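So the structure is just underneath, and the comments pick up after that.
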Amino acid sequence: MPEDVLRPKVLLLDDDAEVLDLYKEILERLPSQPMIQTASSGARALALMDSETFNLLISDLNMPKMDGLQVISIVRRKYPGIRVVVMTAVGDSQFRNRAYAMGVDLYVEKPCTSQEINQFLDCIESLVEQKDEKVGFRGIQSKSLTDILQLESLSQSSSILKITNGSLIGRIFFLNGQVIDADHDELTGEEAFQEMLSWNTGSFEVLPPDSTRERTIHVPVDTLLLECAHLIDEGQAENAGEVTGQGASGESPEGHLTGIVKMKGIEFALIGDNQSGETKESWGLENPEAMNQWARETLKSFSEFGDKMEFGVVNQVVGYGEQRHVGLKVHSDVDICIGFHRNLTKDDVSSKIQTIISKWGS
């Protein structure tokens, strides 16, 4: 097979000849070595697409006679398989929202600095690579949410990225290209962001920004993605029973602990039989037997105190300390003892205990 047949084909549309020459030269740096053709008008671009197949269209917006949005509208009807990128000097959010509503894959202001150009090239390369149509997000098949977020960050705009994965729905809030918050079910902030980053498939929708949204995430997007990727890798290693998933006791998490120790902010976990007093499972503890005995005695003392004071049945005790927090819970025939990171709030600890119990039988 001729080498040219394997190279992706990119059509660059702009009414400025200097811009065409400049970005043709920039795009030729891509590792995939695409074949670049240029068009200075919408009519010329459509004529080229009628005569040959392109993998990607990169279009300006402001052009005489037929503007970029008109071209994209026609392209989306006639050539639904082609990837479409809007590259423009127009930073208006209304234009951006209209473009995304028409199904473009990326809306970006024309990059100027070397860093912006490198980011732009990374995004374009991801769009022209081979795709697996079975997985991925709208318009960027075989790409993870990480790729989508990098594209959104590159656009430097303020918006809400609504992500749908089956019955799961989450939102990521952008301000000037930076992630400021996220939410999914009862999760918010970095915890919600981390959960959504593990999704492999779905669709997204760009919504107008929420000017009243308070900022809870204060790290740059790239740093946030690296931190979340590290946490996800650790979780995958735990599932595989690798060394990184072992607790201080040297035992890999198993049974119910597999789900518990994957939760953010968990430092150790122990499950004891409240009938025999034996330790059933433990993770992250050097001396699980001593912790099991302490948990049993503590729960027994509070239970006796509750009977004496006529409080009723005491089945949960939570202590908050400077080094860590500890939660004790009686559930069915077991005693559960969980160590939490000291940075978690009281609401966080309470919510995580309830989540652990609600997922116990799953």
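General remarks:
- Filtered residues of segment 192-221 (kept if under 10 Å from the mean Cα position of the chain (by Cα) and not small (Gly, Ala, Ser)): Phe193, Gln194, Glu195, Met196, Leu197, Trp199, Asn200
- Taking segment 43-100 as the range and being among the charged types (D, E, K, R) and more than 25 Å from Gln119 (Cβ to Cβ) as the test, the residues that pass are Arg44, Asp50, Glu52, Lys65, Asp67, Arg76, Arg77, Lys78.
- Test: residue in segment 215-236 that is outside any helix (DSSP H, G or I), modelled with pLDDT under 80 and not aliphatic (A, V, I, L, M): no
- Here Lys24, Lys78, Lys65 are screened, and the one residue that is in the same structural domain as Ser126 (by TED's automatic domain parsing), touching a strand residue (DSSP E or B) at 6+ places or on another chain (Cβ under 6 Å) and either free of Cβ contacts under 8 Å to residues at least 24 places away in the same chain or farther than 23 Å from Ser153 by Cβ (or both) is Lys24.
- Inside segment 99-116, residues that are under 15 Å from Glu152 (Cα atoms) and not in a loop (DSSP other than H, G, I, E, B) make up a count of 8.
- Answer residue from segment 285-304, given it is out of contact with any Leu (no Cβ under 8 Å at 6 or more places or on another chain) and within 17 Å of Phe268 (Cα to Cα) and is surrounded by the most Cβ atoms within 10 Å (Cβ to Cβ) among those: Arg296
- Checking each residue in segment 77-98 for being of a type in the set (D, E, K, R) and surrounded by 15 or more Cβ atoms within 10 Å (Cβ to Cβ) picks out Arg83, Arg96, Arg98.
- Looking only at segment 247-257, and only at residues there that are under 27 Å from Asp347 (Cα atoms) and surrounded by 17 or more Cβ atoms within 10 Å (Cβ to Cβ), the one that is modelled with the lowest pLDDT: Gly247
- Scanning segment 271-285 for residues that are of a type in the set (Gly, Ala, Ser), part of a loop (DSSP other than H, G, I, E, B) and either closer than 14 Å to Ile338 by Cα or not assigned by TED's automatic domain parsing to the domain that holds Ala295 (or both) turns up just one, Gly284.
- In segment 118-125, the condition of being farther than 18 Å from Phe174 by Cα, buried (at least 16 other Cβ atoms within 10 Å of the Cβ) and of a type in the set (Phe, Trp, Tyr) is met by at least one residue.
- Flag if Ser332 is loosely packed, with under 14 Cβ neighbours inside 10 Å and more than 16 Å from Ile266 (Cβ to Cβ): yes
A quick yes/no check of all residues on (1) in a helix (DSSP H, G or I); (2) of a type in the set (S, T, N, Q); (3) modelled with pLDDT under 70:
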{"residue": "Asp132", "(1), (2), (3)": "no, no, yes"}
{"residue": "Ile148", "(1), (2), (3)": "yes, no, no"}
{"residue": "Lys162", "(1), (2), (3)": "no, no, no"}
{"residue": "Arg171", "(1), (2), (3)": "no, no, no"}
{"residue": "Phe193", "(1), (2), (3)": "yes, no, no"}
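- Test: residue in segment 290-301 that is farther than 20 Å from Gln354 by Cβ, free of Cβ contacts under 8 Å to residues at least 24 places away in the same chain and either in a loop (DSSP other than H, G, I, E, B) or outside the structural domain of Gln354 (by TED's automatic domain parsing) (or both): no
- Subset of segment 77-98 that is at pLDDT 80 or above and among the basic types (Lys, Arg) - its residue that is farthest from Glu205 (Cα to Cα): Lys78
- The test for being closer than 21 Å to Asn118 by Cβ and surrounded by fewer than 20 Cβ atoms within 10 Å (Cβ to Cβ) does not hold for Val10.
- Tally, over segment 10-22, of residues that are touching a helix residue (DSSP H, G or I) at 6+ places or on another chain (Cβ under 9 Å) and not acidic (Asp, Glu): 4
- If you go through segment 99-117 and keep only what is more than 21 Å from the chain's Cα centre (by Cα), surrounded by fewer than 20 Cβ atoms within 10 Å (Cβ to Cβ) and farther than 13 Å from Ile26 by Cβ, you end up with Ala101, Met102, Glu109, Gln115.
The values are calculated or read from the model by the stated rules, or taken from the named source; none is laboratory data. Remember, predicted model here, so these are calculated numbers, not experimental data. Using ideal geometry, Cβ is built from the backbone for each residue, glycine included, and neighbour counts are taken over all protein chains shown.
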